[in-house]
Amino acid sequence: MTLKDTIRTNMTAALKAKDELRLAVNRALLGAIEAKEKGGKTVVELSDAEILQVFKSEAKKRRETASIYTEAGAPDRAERELAEAAVIDEYLPAELGDAELEALVARAVEAVKATTIREMGAVMKVMKAAAPTADGKKLSDMVKAALAS
């Protein structure tokens, strides 16, 4: 069963259970997947890895929106956005810890035999393959730190 099928199944279950939050989140996720699939010149079928990236992006959007609502003095709206992000997080695999990421970065630097910051692109390519769900900014910072020392 693909992630897209899982979303559809969970959407049906949320509808039957009258769980408005999960229903809304699953509908939004399905819409985001379909928009990504139909957004280009040709219609494509996203792989589960690509769908996970869509989920990660949707969760990030909700967290950013929640911080904006908090700053604007709308805690009820911020709470809803964070609740939606929590539901999306259930679909995402567990994030690697900093120590695990640093070990992966060290192995990637060694594998590429990188010694300068100019070789960061090659190391990042290896890191994206090794940790596809890791935050790109966080990875970038870790690789820069490893190459700077």
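No value in this document is a laboratory result; all are computed from the given coordinates. Bear in mind the structure is a predicted one, so any value in this text is a computation, not a measurement. Glycine gets a Cβ as well: all are built from the backbone with ideal geometry, and neighbour counts include every protein chain shown.
Quick notes
- 11 Å beta-carbon shell around residue 105, net charge (K/R +1, D/E -1): -2
- Over the stretch 98-148, the fraction of Cα-Cα pairs per 5 Å bin, rounded to whole percents and listed from the shortest bin up, is 4, 25, 42, 22, 7, 0.
- When the convex hull of its Cα atoms is viewed from all sides, the chain shows a mean projected area of 11.7 nm².
- Karplus-derived HN-Hα couplings along the stretch 13-26 (A = 6.51, B = -1.76, C = 1.60, θ = phi - 60°), whole Hz, x at Gly and Pro: 5, 5, 5, 5, 7, 6, 8, 4, 5, 5, 4, 5, 5, 5
- Neighbour count of at most 11 Cβ within 10 Å plus DSSP loop: longest trypsin sites (Lys or Arg not before Pro)-free window in the chain: 42-112
- Along the chain, counting only GluC sites (Glu not before Pro) with a DSSP assignment other than H, G, I, E or B and at most 15 other Cβ atoms inside a 10 Å radius, the longest segment between sites is 96-149.
- Per-residue ³J(HN,Hα) for the stretch 111-116, Karplus 6.51 cos²θ - 1.76 cosθ + 1.60, θ = phi - 60°, Hz, x for Gly and Pro: 5, 7, 6, 7, 10, 10
- Compared with the direct C-alpha span, the chain from residue 135 to residue 13 gains 40.8 nm at full extension, assuming 0.36 nm per residue.
- Separation of alpha-carbon centers, the stretch 98-127 and the stretch 1-60, rounded to whole Å: 32 Å
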